[in-house]
Structures are given as structure tokens and as C-alpha cells.
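As C-alpha cells, the structure follows; a few thoughts come after it.
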Amino acid sequence: MPAFTTSQKIMFQHCDPAGIVFYPRYVEMFNAVVEEWFERGLGRSFAELVMERKKGVPTAHLEVSFKAPSRLGEVLELSLAVTKLGGSSVTCAIEASCEGEERIGGTVTLVHIDGARMRSEPWPDDLRAKIEKFLVQPSV
């Protein structure tokens, strides 16, 4: 499966007083994975996309399933794979695990927009071609 992967050490800032990840922090981690994917996987940083090109990719839909807690000091391995690519949207499956144990999984749907008009618009051909490389082909 073509996937973008990165890691995230669980820091004190991610945790509640019990030393486990406070659940909204996972959503922030999902966003960080998306930003890293754009920069390292697609070759287009959010700074370039938003500031120079005046585009954006806001989240239109998010689903999360919590499997097991993550604790201060652990290192999560996060993966992102594209499950659906539309004309102006992309749906990504994101999973986080630690030492082989799945901790959280979910999907995020992003929409490519013109930042000035705040309206969806098709993916540019060059970016679409790069996104397609991470598309998981459905099994037959």
C-alpha cells in the first residue's frame, strides 16, 4: 500500500494529567501528518500553498476511532494513504501505532479551495498527479 509515514514522540504538551494523550491532540497530529505529507510527499508546503498561491485545503469531514491510549515518551508511527481522489477533494486514511499496536485510526477529507473566493476548485494537474501516487487501489 502506498503510504506516507512519519513519527511523533508523545510530549508532555500532548498529555492530560494521567500522562496519556488528550484526545483532541490526536486531531492536531492528523493535521501535522497532512502538512508533512504535502511538504515531503507532494513537494508543496502549506506556506507555499497558502501564502504564495492563495489556496487552501480545509478539512470537510473527519472520523476518528480510538483503539488504545498512548503515553508520554512513546513514539507513534503515523501513516497516511489516499483512499479517494475527487475533482477537488481527497480522502485520506490516517493510522497511528506504537510498536505494532494500533492506537488510533481515521479518515480526513480535504477540499482544495481558492483562498480568495473561499470556494472549491479542481486540483492543479501537477499536484493531482503527485496525490495519485499515494492512492490505494481497491482490491478486485
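Which value results when the Cα radius of gyration for the chain is divided by 2.2 N^0.38 Å?
On the way: Rg = 15.6 Å, N = 140, 2.2 N^0.38 = 14.4 Å.
Dividing the Cα Rg of the chain by 2.2 N^0.38 Å gives 1.09.
Using alpha-carbon pairs under 8 Å, 6+ residues apart, how would you state the relative contact order of the range 58-122 in percent?
Values: 129 pairs, mean separation 24.4, N = 65.
RCO, the range 58-122: 38 percent.
Which percent of the accessible heavy-atom area of the chain goes to carbon and sulfur, probe 1.4 angstrom?
On the way: 4200 of 7990 Å².
So the carbon and sulfur contribution to the accessible surface is 53 percent.
Semi-axes, largest first, in whole Å: what does sqrt of 5 times each Cα gyration tensor eigenvalue give for the range 1-71? If you can, show how the numbers build up before the last one.
Details: eigenvalues 140, 37, 32 Å².
Taking √(5λ) for each eigenvalue gives 26, 14, 13 Å, largest first.
Full-extension gain between A129 and F66, please, as 0.36 nm times their residue separation minus the C-alpha to C-alpha distance.
Details: separation 63, 0.36 × 63 = 22.68 nm, distance 3.21 nm.
That pair, A129 and F66, stretches by 19.5 nm at full extension.
Given +1 on the Cβ of Lys and Arg, -1 on the Cβ of Asp and Glu, and no further charges, what dipole in debye does the chain carry about its Cα centre, rounded to the nearest 20?
Dipole of the chain, to the nearest 20 debye: 340 debye.
Quote to one decimal, in nm, the extra length available between E101 and M51 on full extension: 0.36 nm per residue of separation minus the C-alpha distance between them.
Working: separation 50, 0.36 × 50 = 18.00 nm, distance 3.81 nm.
Stretched out fully, the E101 to M51 stretch lengthens by 14.2 nm.
Roughly how many Å² is the accessible area per residue of the chain, as a whole number, for a 1.4 Å probe?
Using a 1.4 Å probe on heavy atoms only, each residue of the chain averages 57 Å².
Projected onto the charge dipole of the chain (+1 at Lys/Arg Cβ, -1 at Asp/Glu Cβ, origin at the Cα centre), which of L78, V111, V34 gives the Cα projection farthest towards the positive end?
It is V111, whose Cα lies furthest towards the positive end.
What net charge do the residues around D125 carry, taking every other residue with its C-beta under 15 Å from that of D125, with Lys and Arg at +1 and Asp and Glu at -1? Don't skip to the answer; put the middle values down first.
On the way: positive: R44, R53, K55, R128, K130, K133; negative: E121, D126, E132.
Charge balance in the 15 Å sphere: +3.
Can you run phi through the Karplus equation (6.51, -1.76, 1.60; θ = phi - 60°) for the range 92-103 and list ³J(HN,Hα) in whole Hz, with x for Gly and Pro?
10, 8, 10, 10, 10, 9, 9, 6, x, 8, 5, 9
Over the chain, how many pairs of lysines fall under 27 Å by alpha carbon, counting only those 8 or more apart in sequence or from different chains?
10
With a 1.4 Å probe and all protein chains kept in place, how do F66, F46 rank by accessible area, largest first? Could the numbers behind the result be given before it?
On the way: F66 110, F46 45 Å².
Descending accessible area places them as F66, F46.
What's the angle, to the nearest 10 degrees (0 to 90), between helix 24-36's Cα axis and the longest principal axis of the chain?
Once rounded, the angle reads 40 degrees.
The values are calculated or read from the model by the stated rules, or taken from the named source; none is laboratory data. Everything quoted here is computed from the prediction, not taken from an experiment. For neighbour counting, all protein chains shown are included, and Cβ atoms are generated from backbone atoms with ideal geometry for every residue, glycine included. Quick note on the areas: whole protein, heavy atoms, side chains included, nothing else; ligands and nucleic acids left out. Shrake-Rupley method; radii C 1.70, N 1.55, O 1.52, S 1.80 Å.
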